[in-house]
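Undergrad: Sharing a structure below in structure tokens format, with a few things to ask.
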Amino acid sequence: MSKKLLSRKPAFFGAALDPTDDELKFGFKAILARDLALGRIRFRNPYDAVVDSLRDLIDAGVCTAVGEIDIPSWLTPTPTPADLPLVTAENNVRFIDEGGCLEVAERVGSFVQTEMAGSIPAMVAVDHSTTGGVLRALAEEHGPSNLTVLVVDSHFDGLQLAERMELASYGSGEQQGCADNGAESGAIPESYNCATWLRYMLQEGVILPDKLIVFGTSDHPSTPMRQDPGLSRYLSAYRAFEEAGVTFVTREEIRRKGVRDVLNPLLNRTATDRLYISLDADIGSLDAVHAARFMNVKGLSARELYELARVLGETLEKVQLVGLDVCGIETFLLGREFPNGVKDMTLERLSDFIRVLICPYDFT
């Protein structure tokens, strides 16, 4: 593999924001808080895990690790025991409703502007809304028209709650993704959060529609869905993004044609020489990955994930990587063995993915 066109050194930083009203996740947090108190915690958050897995590259000077954005512990995967009483559905929903995700994203953007000068920002986050902060900073530096954004995600994070609720009523609701939080009570107003952040980026011109590729979506309307009048708001929203120029690549298209045959033509025709890559761990949920924050659809296989890494590695021999992030890792599930005999390999596979992006690396 040829040398990547990395004009700067990647600098990894963490954003452990993890708001949720999911009772199961509260249980995860309680166990991690107990382990923290007992001094037997392995990783407090995904940043700890990824930095540990890339230690050889950090020690060799290929990349650096610069620390974490300060997040109150009750909003992270591992609260301190003292903050555990704050981990309630009411507090989490209020945080999202009152613009907490946006405030953190803005702090992420400021961090990138002040601490990442001369480096390629490489964020390891939990909540995907934090990506908006990185992109705002990069759009100011490079200009939106000079920035291609590839979002690798099983869900399109550009739909409002009312639109996703139509999808939930269409079937089992398995494709809702982040918007599950508070959906039963309708508790989340139309705020900036992990289900809507891309909508805000497009509306504000941080990302230009014809420069955005959303790769791996499972919630893209199928042909039968497009004929259903009960999905009018959902379909109208998706259609508006398509007509504006956003490129969607569905999970079904990837499986039918293969990663390389789908993605290469899209990347080859982009008019910019700067690429930002954002990967949500749920792209491989229930297959390549078993420690994703949302695992309500089956994602890509390990073979497909590695093929994606290869294609992007080849692309980065021709265009500049200006930033990357990996989001949506569920800390509690990292490396666990499940009753069905499956062992989680999320950290190993996502670390391999990152390595291909930032240095010549062969994981075969």
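The values are calculated or read from the model by the stated rules, or taken from the named source; none is laboratory data. In this text the structure is predicted, and so the values were computed from the model without any measurement. For neighbour counting, all protein chains shown are included, and Cβ atoms are generated from backbone atoms with ideal geometry for every residue, glycine included.
Undergrad: Please pick out the residue among 311, 322 that is under 21 Å from residue 275 (Cβ atoms), part of a strand (DSSP E or B) and β-branched (Val, Ile, Thr).
TA: 322
Undergrad: Have a look at 317, 330 and point out the one that is farther than 20 Å from residue 212 by Cβ and in contact with a strand residue (DSSP E or B) (Cβ under 7 Å, 6 or more places away or on another chain).
TA: 330
Undergrad: Hey, residue 239 hits all of (1) of a type in the set (Lys, Arg); (2) touching a helix residue (DSSP H, G or I) at 6+ places or on another chain (Cβ under 7 Å); (3) over 27 Å from residue 316 (Cβ atoms) but one; which does it fall short on?
TA: (2)
Undergrad: Which pairs have Cβ atoms under 6 Å, sit 6 or more apart or on different chains, and link a residue in segment 85-114 that is under 19 Å from residue 197 (Cβ atoms) to one that is aromatic (Phe, Trp, Tyr) and surrounded by fewer than 22 Cβ atoms within 10 Å (Cβ to Cβ)?
TA: Note: pairs meeting the criteria are 101/192; 102/192.
Undergrad: Let me ask something else about it. For segment 48-67, what are the residues that are assigned to a strand (DSSP E or B) and surrounded by fewer than 20 Cβ atoms within 10 Å (Cβ to Cβ)?
TA: 64, 66, 67 - these are the residues of segment 48-67 that are assigned to a strand (DSSP E or B) and surrounded by fewer than 20 Cβ atoms within 10 Å (Cβ to Cβ).
Undergrad: Continuing with the same structure: Can you run down the residue pairs with Cβ atoms below 6 Å, 6 or more apart or on separate chains, where the first is in segment 277-300 and modelled with pLDDT of 95 or more and of a type in the set (Phe, Trp, Tyr) and the partner is in a loop (DSSP other than H, G, I, E, B) and surrounded by 24 or more Cβ atoms within 10 Å (Cβ to Cβ)?
TA: The qualifying pairs do not exist here.
Undergrad: Ok, one more. Looking at the structure I just gave you, is residue 328 under 29 Å from residue 108 (Cα atoms) and either modelled with pLDDT under 95 or out of contact with any Cys (no Cβ under 6 Å at 6 or more places or on another chain) (or both)?
TA: yes
Undergrad: Could you tell me how many of the residues in segment 212-243 are in contact with a strand residue (DSSP E or B) (Cβ under 9 Å, 6 or more places away or on another chain) and more than 20 Å from residue 296 (Cβ to Cβ)?
TA: Number satisfying all stated conditions: 4.
Undergrad: Could you say whether any residue in segment 130-142 is assigned to a strand (DSSP E or B) and within 29 Å of residue 52 (Cα to Cα)?
TA: Within segment 130-142 (the criterion being assigned to a strand (DSSP E or B) and within 29 Å of residue 52 (Cα to Cα)), the answer is no, since none of the residues qualifies.
Undergrad: In addition: Taking segment 43-68, which residues are more than 16 Å from residue 324 (Cα to Cα), of a type outside the set (S, T, N, Q) and under 18 Å from the mean Cα position of the chain (by Cα)?
TA: Scanning segment 43-68 gives 48, 49.
Undergrad: Could you count how many residues in segment 1-47 are in a loop (DSSP other than H, G, I, E, B) and more than 18 Å from residue 194 (Cα to Cα)?
TA: The qualifying residues number 15.
Undergrad: Right, next: Which is out of contact with any Lys or Arg (no Cβ under 7 Å at 6 or more places or on another chain) and charged (D, E, K, R), of 307, 314, 337?
TA: Selected residue: 314, the only one of 307, 314, 337 that is out of contact with any Lys or Arg (no Cβ under 7 Å at 6 or more places or on another chain) and charged (D, E, K, R).
Undergrad: Also, quick follow-up: Cβ-Cβ under 7 Å, sequence separation 6+ or interchain: first residue in segment 252-267 and farther than 14 Å from residue 299 by Cα, partner hydroxyl-bearing (Ser, Thr, Tyr). Which pairs?
TA: 266/247; 267/315
Undergrad: Give segment 83-116 a look and list any residue that's of a type in the set (Val, Ile, Thr) and either at positive phi or not in a helix (DSSP H, G or I) (or both), or say none.
TA: 87, 88
Undergrad: Among the strands (runs of 3 or more DSSP E) contained in segment 188-300, which hold 3 or more residues that are within 15 Å of the chain's Cα centre (by Cα)?
TA: The strands (runs of 3 or more DSSP E) meeting that bar are 212-217, 274-280.
Undergrad: If you take the residues in segment 315-351 that are in contact (Cβ under 8 Å) with a residue 60 or more places away in the chain and acidic (Asp, Glu), which one is farthest from residue 16 (Cα to Cα)?
TA: Restricting to residues being in contact (Cβ under 8 Å) with a residue 60 or more places away in the chain and acidic (Asp, Glu), the top hit is 317.
Undergrad: Residues that are farther than 22 Å from residue 291 by Cβ, buried (at least 24 other Cβ atoms within 10 Å of the Cβ) and either over 21 Å from the mean Cα position of the chain (by Cα) or not charged (D, E, K, R) (or both): does segment 76-99 have at least one?
TA: Yes.
Undergrad: Can you name the condition, by its number, that residue 156 falls short on among (1) touching a strand residue (DSSP E or B) at 6+ places or on another chain (Cβ under 9 Å); (2) of a type in the set (Phe, Trp, Tyr); (3) modelled with pLDDT under 80?
TA: (3)
Undergrad: Taking the conditions exactly as written (of a type in the set (Phe, Trp, Tyr) and at pLDDT below 95), does residue 238 satisfy them or not?
TA: It is true that residue 238 is of a type in the set (Phe, Trp, Tyr) and at pLDDT below 95.
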